[in-house]
1. Amide H to amide H under 5 Å from Ser118: which residues, 5+ apart in sequence or cross-chain, H placed 1.01 Å off N in plane?
2. Amide H to amide H under 5 Å from Leu71: which residues, 5+ apart in sequence or cross-chain, H placed 1.01 Å off N in plane?
3. Remind me, relative contact order of the chain in percent, using alpha carbon pairs under 8 angstrom and six or more residues apart?
4. On a 0 to 90° scale, report how tilted helix 165-180 is relative to the longest principal axis of the chain, with both axes built from alpha carbons and the result rounded to the nearest 10.
5. How much length is gained on full extension from Asp80 to Ser35, taking 0.36 nm per residue of separation minus their Cα-Cα distance?
6. If r is the Cβ-Cβ distance from Leu71 to Asn181 and R0 is 30 Å, what FRET efficiency results, to the nearest 0.05?
7. Can you run phi through the Karplus equation (6.51, -1.76, 1.60; θ = phi - 60°) for the range 120-127 and list ³J(HN,Hα) in whole Hz, with x for Gly and Pro?
8. Can you give the FRET efficiency to the nearest 0.05 for Ile14 and Glu96, using r as the Cβ-Cβ distance and R₀ = 35 Å?
Amino acid sequence: MDNLTEKKISSTHIYEGIILDLYCDDVLLPNGNTSKREYIKHVGAACVVPVDNDGNVIIEKQFRYPFSAVLTEIPAGKLDSKKEPHLEAALRELKEETGYSAENMVYLGEYYPTCAYSDEVIHMYLATGLTQGAQKLDDDEFVGVEKVPLETLVDEIMKGNIKDGKTQTAILKAYLYLKNN
């Protein structure tokens, strides 16, 4: 099949939330039939793999309500608006969540965490030249910070012990980038 494109016929805004909006669209399928697509519009996000001079990654432990579990993650957060440069958001989230600042930032690309039902794009960065400072968490944010060797995190990802998708992808990309540069 050459044409896989679906075309929007109509769109209904179902819900407006704090971090996302929910829509239900009627679409025309490539075969001429129609269907419905429920999806989330999201402002976007940025994440950072902060690696210190000793090869340790500054990681976070954070309770994630949907899973009722504390997860291992890299610093990340949503953009303040669709117009905010994702590099600025990455630097802001690194500082707020970990207290660290970075001298060097390498863009590792885009990650689509839930492409079947959301337009969220997470921009991934590698941060080096770190300087430690104080966390500046939001009032509703509780984050533990640890240093873990990059290779240990790669092993933990491959063993299935790190569940967060953006963390898996960005850590593996950062590992390969550092190994090859």
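Values in this text are rule-based calculations from the coordinates and carry no lab data. In this text, all values refer to a predicted model and were calculated from it rather than measured experimentally. In this analysis, Cβ positions are derived from the backbone assuming ideal geometry, glycine residues included, and neighbour counts consider all displayed protein chains.
1. Those lying under 5 Å, H to H, from Ser118 are Ile40.
2. Long-range HN contacts for Leu71: Gln62, Phe63, Arg64.
3. After rounding, I find 22 percent.
4. 50
5. 12.9 nm
6. Efficiency computed from Cβ-Cβ geometry: 0.55.
7. 4, 10, 10, 8, 9, 9, 10, 10
8. 0.65
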